[in-house]
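Report on the following structure.
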Amino acid sequence: MMAASSVEKPTIVFPQVLWDDLAKVDPNLAADIAGAKYVGGRFTVDFLGAPHVVDPSARLVTSPANRLKADFQKALVLLVYLAQAGRGQPYAPAGRLVGPNEIPGGTMFFRGPHKLPTAPLEEAYAASPETLAAKAVSLGAFEAPPALFRWQVLPHIEIACYFDPQDDEFPAQARYAFDANSHLVLPLDALWALINVVASELLPHE
């Protein structure tokens, strides 16, 4: 009998424009540059430390059972990531992490409705940063002080989370950082969606 953790969750169909963009590129080139696999007409992308399947012919995205079901934001990240790679521009990570305001255009973008989701983590793990770190590690991250963890969340996207737990004087504070060249892989709206997906996966679930 197949283990529960390996059983894929039901798939979901997503807006056609994202699929149309992916259909315009060479899938083999996209897979090669994205660090994904393309076999039998389907992409497999390591995302959040687990394989996610993108099926262009069925226009479906599938999450493994040990990850949250694919929603619009997860699909947006995966489809844009593959489509960007398929445009054929090789990508080289900067090898250094920067805050969201240091990404070109980030100061104006990551504010208001696009503010990165730190509050849910601060509320859930204010007094237990070790629980947050353990959850992150279970999702493919590795601990790397002074960050609480670093994460190769996609083959060409590294992020970090810095987390200061609450104390007698200050409330908990979470901060995210990206590889300095992340905006060359994903546009800012997709980077924002990526962090939303990561934060959702990190929160406790029944």
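Once the principal axes of the Cα atoms of the chain are found, what is the range along each, listed largest first in whole angstroms?
Cα spread of the chain along its principal axes, largest to smallest: 56, 47, 29 Å.
How do His52, His114 rank when sorted from fewest to most other Cβ atoms within 10 Å of their own Cβ?
Lowest to highest Cβ neighbour count: His114, His52.
Please report the spacing between the Cα centers of region 161-195 and region 30-64 in Å, no decimals.
Comparing the Cα centres of region 161-195 and region 30-64, I get a distance of 25 Å.
Helix 72-86 against the longest principal axis of the chain: what's the angle in degrees, Cα atoms only, rounded to the nearest 10?
60 degrees
Name the long-range amide H neighbours of Phe149: under 5 Å, sequence gap of 5 or more, or other chain; modelled H, no Pro or chain starts.
Close amide H contacts, sequence-distant or interchain: Ala144, Cys161.
Nearest 20 debye, what's the magnitude of the dipole of the chain about its Cα centre given +1 on Lys and Arg Cβ and -1 on Asp and Glu Cβ?
In debye, rounded to 20, the chain gives about 700.
Would you kindly derive the ³J(HN,Hα) couplings of region 95-105 from the backbone phi angles with the Karplus curve 6.51 cos²θ - 1.76 cosθ + 1.60 (θ = phi - 60°), listing them in order in whole Hz, with x for Gly and Pro?
Listing the rounded values in order: x, 9, 9, 9, x, x, 6, 8, 6, x, x Hz.
With +1 on each Lys and Arg Cβ and -1 on each Asp and Glu Cβ, and nothing else charged, work out how big the dipole of region 90-148 is about its Cα centre, in Debye to the nearest 20.
220 debye
With a 10 Å cut-off between alpha carbons and a GNM built on the chain, which of Ser128, Ser182, Ser63 moves the most?
Maximum among the listed residues: Ser128.
Just subtract the alpha-carbon distance of Gln16 and Phe170 from 0.36 nm times their residue separation and send over the number in nm, one decimal.
50.9 nm
Among all stretches of the chain without exposed trypsin sites (Lys or Arg not before Pro) (DSSP loop, at most 16 other Cβ atoms within 10 Å), which one is longest?
Between the exposed loop sites, the longest stretch runs 116-206.
Explain nothing, just compute: Karplus ³J(HN,Hα) = 6.51 cos²θ - 1.76 cosθ + 1.60, θ = phi - 60°, for every residue of region 178-195 in order, whole Hz, x for Gly and Pro.
Rounded to whole hertz, the list is 10, 4, 4, 9, 4, 5, 7, 9, 10, x, 4, 5, 6, 5, 4, 4, 4, 5.
Which one of Ala127, Gln84, Gly41 is farthest out on the positive end of the charge dipole of the chain, using unit charges on Cβ (Lys, Arg +1; Asp, Glu -1) and the Cα centre as origin?
Final value for the positive-end residue is Gly41.
Per residue of region 124-133, what does 6.51 cos²θ - 1.76 cosθ + 1.60 with θ = phi - 60° give for ³J(HN,Hα)? Whole Hz please, x for Gly and Pro, Karplus curve as stated.
Per-residue couplings from phi come out as 6, 10, 3, 10, 9, x, 5, 5, 5, 4 Hz.
Grab the chain and count how many Lys pairs have their alpha-carbon atoms under 21 Å apart, sequence gap of 8 or more, or different chains.
Final tally of qualifying lysine pairs is 11.
None of the figures in this text is laboratory data; all of them are computed from the coordinates on show. Just so it is clear, the structure is predicted and the values come from calculations on it, not from any experiment. Every residue, glycine among them, receives a Cβ derived from its backbone with ideal geometry; neighbour counts consider all protein chains shown.
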